[in-house]
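Every number here is computed from the coordinates shown, using simple stated rules; none is lab data. This one's a predicted model, so the numbers in the text were calculated from it and none came from an experiment. Methodologically, a virtual Cβ is constructed for each residue, glycine included, from the backbone with ideal geometry; neighbour enumeration extends over all protein chains shown.
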Amino acid sequence: MWRCLHTVLCALIAVAIARGQNLSPEVSEFVKVKAPVVALTHVRVIDGTGAPARDDQTVTFSKGKIESVSDASSAKIPAEAQVMDLHGYSLIPGLVGMHDHMFYPMGDGIFGEMGFSFPRLYLAGGVTTIRTTGSLEPYTDLEIKHAVDAGTMPGPHIHVTGPYLEGKGSWALQLHQLTGPEDATRTVNFWLDQGVDNFKAYMFITPAELSAAISAAHKRGAKVTGHLCAVGFREAAALGIDDLEHGLLVDTEFFPWKKPGECPEKAEAPDFVSKLDMQSGPVHDMILELIRRHVAVTSTLPVFELSVPGRPTIQRRVLDALSPDARNEFLNNKVHSDDASRSKRAYDTEVSPWPAAFKREMEFERAFVQAGGLLLAGEDPTGMGGVIAGFGDQREVELLVEAGFTAVEAIHIATANGAQFLGEADRIGTIATGKLADLVVIKGDPSLKIEDIENIEIVFKDGIGYDSRKLIESVQGTVGSR
């Protein structure tokens, strides 16, 4: 029996599973496997616990839940089951995307809601649960969630984050700027009443506003994360924050030029971060303080990778998904960014600080986990526009491996850890009897070659198998427009 922390969420999930076979024609066109009982045979299981992969397994499920996981040689397959022979394939839990917005950068500090393309791409990419981690259109995100739960729109399970909790002085026109602690408390309570279940504090929020928001959220069982600037990580941890986004690259507390309560200039941040020591001194002390206060950290390596000259290799599938305008804007942004770095090297005899800073961020995340911290995984589809739903989540797992985690450790971070933070570890995040049949069928073996995680063919959500290729094809040329 699974336990759920949010009564309303539990009711919605129970209804969705009970009627889970009632899908609209718009959703049904993407369904590849739909049967009362399904048996996936001779498959390699990477169960999300961090344990080694197990070859030649059989996984059976019915009514949206896993019934058994066993060696294929001894498995008892129900006579009525739809049997799929998956020799040469691997099975992982559905990814839990912990920094997966529904919006995309449109230029000039404006972001557009991708209510059509992103839910499909998240699901196609093997992401069966997301936390939106900052909403610009929370009403839209809530309606998308309701449509997905009702079976009228394809997409993942969604934890909707309230609107950004931002302070005075924000650079983003679409954000409400809090007027003080009372406003922060009102905002949190209002949006909890509307149905969101978590919040994200942003760069210019004051310590007093952050403290009030955390207190209001915790009183009603909700959690608060933050992409902070005016408030440093240790200060936020002391105030009771639950999670911190992006990691060391956004923590301003070590900048010599930072003033209390102010968001400092960050032009020199990559160069400064590239020289920090992870194993001793103030950064190490900060890591231990976060862990002592049970504060998680969300890794978003893909969005930072775009700032590293020559990285990443731009994939055809990403360009194909973008609208013509978005494709041109992204490519121009990337060329301009790389040219600026080359110009520095040629004329100023300076090397771009981003390669070293990016490596230092990876070292920070490794040190955080080695010390006992809870690391979460997300993609953050913002930046210069090259990170998009689903594909970015897969890239995050690949970059965790580059950071020094084993493949099974990286998959554990991207599945079980997110489930644990959301309070849903008894429902999702690992492959085990009694859990939801949120499963990803991958051609190849990502435990040996992590890039195989891109070879997704079927994504099961609540036991229904969706065709990844069809979902991706349905949004070709739309990201950046809808």
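Quick rundown of the values:
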| item | result |
| --- | --- |
| Cα long-axis angle, helix 207-219 against the chain (0 to 90 degrees, to the nearest 10) | 20 |
| FRET E, pair ALA267, ARG311, Förster distance 25 Å, beta-carbon r, rounded to 0.05 | 0.75 |
| Likely footprinting exposure, TRP171, TRP191, fewest C-beta neighbours within 10 Å first | TRP171, TRP191 |
| Estimated FRET transfer efficiency when R0 is 25 angstrom, pair GLU253-ALA208 (beta carbons, to 0.05) | 0.90 |
| Inter-site label distance for MET106 and ASP285 at 7 Å from Cα along Cβ, in nm | 4.6 |
| Mean ellipticity per residue at 222 nm, deg cm²/dmol - from DSSP H runs of n ≥ 4 across the chain, formula -39500 (n - 2.57) | -10500 deg cm²/dmol |
| Debye, to nearest 20: dipole size of segment 384-482, +1 on Lys, Arg Cβ, -1 on Asp, Glu Cβ | 280 |
| Neighbour-count order for VAL231, VAL59, fewest beta carbons within 10 angstrom listed first | VAL59, VAL231 |
| Whichever lysines have a C-alpha closer than 20 Å to that of LYS168, once near sequence neighbours (fewer than 8 apart) are set aside | LYS200, LYS258, LYS259, LYS266 |
| Prolate/oblate/rounded label for segment 333-482 (Cα gyration tensor, a/c 1.5) | oblate |
| Derived scalar couplings ³J(HN,Hα) [segment 263-274; Karplus, 6.51 cos²θ - 1.76 cosθ + 1.60; whole Hz; x for Gly, Pro] | 8, x, 4, 10, 4, 8, 4, x, 5, 5, 4, 4 |
| Summed side-chain charge close to PHE103 - residues other than PHE103 whose Cβ falls under 10 Å, Lys, Arg +1, Asp, Glu -1 | -3 |
| Nonlocal amide H pairs with THR298, under 5 Å, H built at 1.01 Å | LEU244, GLU245, HIS246, GLY247, LEU376 |
| Between helix 281-292 and the chain: long-axis angle, C-alpha atoms, 0 to 90°, nearest 10 | 40 |
| Relative contact order, percent, segment 140-206 [alpha-carbon distance under 8 Å, six or more residues apart] | 39 |
| Farthest toward positive dipole pole in the chain [+1 Lys/Arg, -1 Asp/Glu at C-beta], among VAL69, LEU439, PRO264 | VAL69 |
| Debye, to nearest 20: dipole size of the chain, +1 on Lys, Arg Cβ, -1 on Asp, Glu Cβ | 640 |
| Karplus 3J(HN,Hα) series, Hz, for segment 380-388 with 6.51 cos²θ - 1.76 cosθ + 1.60 (x for Gly, Pro) | 6, x, 10, x, 8, x, x, 9, 10 |
| Structure-derived volume of the Cα convex hull per residue in Å³ - corresponding label in (1) 227; (2) 210; (3) 134 | (3) |
| Net charge, ASP243 excluded, C-beta distance under 13 Å - Lys, Arg +1, Asp, Glu -1 | +2 |
| Least to most buried among LEU375, LEU239 (fewest other Cβ within 10 Å first) | LEU239, LEU375 |
| Degrees separating the helix 181-194 axis from the principal Cα axis of the chain, which is the longest one | 10 |
